[in-house]
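K.L.:
Sharing a structure here in structure tokens format.
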Amino acid sequence: MKFDSTLVNVEGKDIVIVAVDTHFFSLPQEEKGELVRNFFEYFKKPIVLMAVNQQGDMQYYGRPDLTAMVANLKFGEFKWQTNEITE
């Protein structure tokens, strides 16, 4: 599985933002939580999942305190990298 991520430091806390498709938000809650746990196991850091909708607005999923911390960051300032998990 390939995916893009970026590591940001907000208020002294490292947070990994992982890009997902907007269909992620229509998944059952259990599947969303499992995906967050899988990414946490991969990065060993707090995770926020992010999608950009058709209007260009960013949507976040994760712990409310973490999503609030990253919500004001500018998308253009993220330094994305492509990751691959082999199964």
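K.L.:
Taking Cα atoms of the chain, Rg/Rh with Kirkwood Rh, to two decimals?
P.N.:
My calculation of the ratio gives 0.93.
K.L.:
What size of dipole, in debye to the nearest 20, comes out for the chain about its Cα centre when the only charges are +1 on Lys and Arg C-beta atoms and -1 on Asp and Glu C-beta atoms? Before the final figure, lay out each step's value.
P.N.:
Details: 9 positive and 13 negative charges, 49 e Å.
Rounded to the nearest 20 debye, it is 240 debye.
K.L.:
Could you work out how far apart the two model spin labels at Arg37 and Glu84 are, taking each label as a point 7 Å from the Cα in the direction of the beta carbon, and quote it in nm?
P.N.:
Label at Arg37, label at Glu84, 2.8 nm between them.
K.L.:
Which whole-number value in Å² is the accessible area per residue of the chain, probe 1.4 Å?
P.N.:
Dividing the accessible area of the chain by its residue count gives 66 Å².
K.L.:
Exactly which trypsin sites (Lys or Arg not before Pro) in segment 13-87 are in a DSSP loop and have at most 13 other Cβ atoms within 10 Å?
P.N.:
Loop-located and lightly packed - Lys44, Lys74, Lys79.
K.L.:
Then there is this: When we measure straight from the Cα of Lys13, which lysines land under 19 angstrom away, once same-chain ones fewer than 8 places off are left out?
P.N.:
Here the lysines satisfying the reach criterion relative to Lys13 are Lys44, Lys45, Lys74, Lys79.
K.L.:
If you keep only loop residues by DSSP, which chymotrypsin sites (Phe, Trp or Tyr not before Pro) in segment 55-87 have at most 15 other Cβ atoms within 10 Å of their Cβ? Could the numbers behind the result be given before it?
P.N.:
Values: sites: Tyr60, Tyr61, Phe75, Phe78, Trp80; in loops: Phe78, Trp80.
Answer by residue number: Trp80.
K.L.:
Okay, next question. For segment 27-87, what's the relative contact order in percent, using C-alpha pairs closer than 8 Å and at least 6 residues apart?
P.N.:
19 percent.
K.L.:
Using just the helices of the chain, give the 222 nm mean residue ellipticity in deg cm²/dmol: DSSP H runs with n ≥ 4 each add -39,500 (n - 2.57), and the total is spread over all residues, rounded to 500.
P.N.:
Per the formula, -7500 deg cm²/dmol.
K.L.:
Here's something else I'd like to know. Quick one: length gained pulling Phe25 to Asp4 fully straight, 0.36 nm per residue minus the C-alpha distance?
P.N.:
Gain in length upon complete extension: 5.8 nm.
K.L.:
Name the GluC sites (Glu not before Pro) in segment 1-43 that are in a loop by DSSP and that have at most 12 other C-beta atoms within 10 Å, would you? Present the calculation step by step, with values, prior to reporting the outcome.
P.N.:
Numbers: sites: Glu11, Glu30, Glu31, Glu34, Glu41; in loops: Glu11.
Here the sparse-neighbourhood loop sites are Glu11.
K.L.:
How large, in percent, is the carbon and sulfur part of the accessible surface of the chain at a probe radius of 1.4 Å?
P.N.:
The computed percentage sits at 48.
The values are calculated or read from the model by the stated rules, or taken from the named source; none is laboratory data. Note that this is a predicted model, so its numbers are computed, not measured. Every residue, glycine among them, receives a Cβ derived from its backbone with ideal geometry; neighbour counts consider all protein chains shown. Note: accessible area is taken over every heavy atom of the protein model, side chains too, but ligands, DNA and RNA are not part of it. Shrake-Rupley method; radii C 1.70, N 1.55, O 1.52, S 1.80 Å.
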